[in-house]
Amino acid sequence: MGMFIGENRLLTAGRRLALWDCESATAIYSYAISEATQPAIGSTGKQLAVSFGNAVFIINLNDGNVLGRIEPPTTPKFLTFSRNGEQLAGINSSSGEIWVWSLSENRLIQELSAPSGVTQSIHWVGERHLLVNHIHLIDVKLRATVWSYLSTGGTLLTANDGRFWFAGKTKISPISFPGINLNRRTAPLLPEDLLVLSPGSELCIQLDLPFKEAVQDKIRDRITANLEKNGVTVRDQAELRLKIKLVKGKQEKVEMSSITNPFGHRGTKSIKYTPQIGSVTLVKNEINLWQKSRRFGPRGLIQLKQGESVQGAVKRLCKPDPPFFESVSIPKYIGQLPDGKPFGQSTISEHGIH
């Protein structure tokens, strides 16, 4: 990450966060930060939020002085300030868990989760909604996704102050979110009625995995411990089910590049293989509420072990990895609208939202 702050200063972020004076080529301040996390700048350009270790630090952007410290349940990869600068939201890109803090009170005020999938961005829309991946509009109060968006023919851009633009083929157009009147639809809804998973819920774990009994017991114990930590009771016959399974995908045939060692022979070979798909899915009344999945199979460049054939390496890579299932973290709160879907979808283009 790199961006200019004013005319003569450059903010960079990697393993360290630093503000540079461009004329003297010296750092005004520098901090170690958590790798693979992205800092956030407040709408006034005076505050900066960064993750380091188990904490989030609020820093004065101009001089680097620490203004406050927050300790989230896990490290958020993405952070975003509300437009008025009074709230900070962070998201765990793996589980989709979202936390919202009041900066004036220095406390956690809301916990919710995003729809399944890898998180790539999160932004405030006004003071009540969050936009995740430029697709899912989440009502923070209701903890539910209330609308979704599809971008066509361009790229959605955003600024620190909550403004959005769409860069199309011929022009850049300002975008006003949410672009629809949701107040009438959300007014009758109560947050508690929309929760499908929260502390106090009861849940049944169903395993359908080809592992040895001891391995399956370890997976069950790890997931049970995480659920109980969130106040969820695990018991048989509960209406809410967590289905943990592994299925075969469709056979694939691709040209794969292989390498025997970092400085060795490279080549390409046509191979056939059947990937396996592992999934952890929260289900109620046959409706999937949340899911975490992983494809087990080769991904282009194969590192061969000594004496190993390409086909042998592919077989090894298609073998499921038990730690994936053990490490899955289920969000503490999951909310959905009554029919399980957002109210609707709009398309974003250079002509606006339709």
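The values are calculated or read from the model by the stated rules, or taken from the named source; none is laboratory data. These numbers were taken from a predicted model, which means no experiment stands behind them. Using ideal geometry, Cβ is built from the backbone for each residue, glycine included, and neighbour counts are taken over all protein chains shown.
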Taking residue 58 as meeting all but one of (1) in contact (Cβ under 8 Å) with a residue 40 or more places away in the chain; (2) surrounded by fewer than 20 Cβ atoms within 10 Å (Cβ to Cβ), write down the number of the exception. (2)
Of everything in the range 268-306 that's in a loop (DSSP other than H, G, I, E, B) and small (Gly, Ala, Ser), which residue is surrounded by the fewest Cβ atoms within 10 Å (Cβ to Cβ)? 300
Checking 44, 75 in turn, the sole residue that is in a loop (DSSP other than H, G, I, E, B) and either over 15 Å from the mean Cα position of the chain (by Cα) or at pLDDT 95 or above (or both) turns out to be 44
Turns out the strands (runs of 3 or more DSSP E) fully within the range 161-210 with at least 1 residues that are touching a helix residue (DSSP H, G or I) at 6+ places or on another chain (Cβ under 7 Å) are 202-208
Selection over the range 307-330 where residues are assigned to a loop (DSSP other than H, G, I, E, B) and without any contact (Cβ under 8 Å) to a residue 12 or more places away in the chain yields a count of 3
Can you tell which of 197, 182, 150, 103 is aliphatic (A, V, I, L, M) and modelled with pLDDT of 95 or more? 197
Return the only residue of 87, 120 being surrounded by fewer than 22 Cβ atoms within 10 Å (Cβ to Cβ), more than 19 Å from residue 290 (Cα to Cα), out of contact with any helix residue (DSSP H, G or I) (no Cβ under 8 Å at 6 or more places or on another chain) and free of Cβ contacts under 8 Å to residues at least 60 places away in the same chain. 87
Within the range 114-154, the residues that are closer than 13 Å to residue 78 by Cα and either more than 12 Å from the chain's Cα centre (by Cα) or not in a loop (DSSP other than H, G, I, E, B) (or both) are 122, 123, 124, 130, 131, 132
Checked 70, 33, 28, 5 against criteria (under 27 Å from residue 109 (Cα atoms), touching a Leu at 6+ places or on another chain (Cβ under 6 Å) and β-branched (Val, Ile, Thr)); the one match is 33
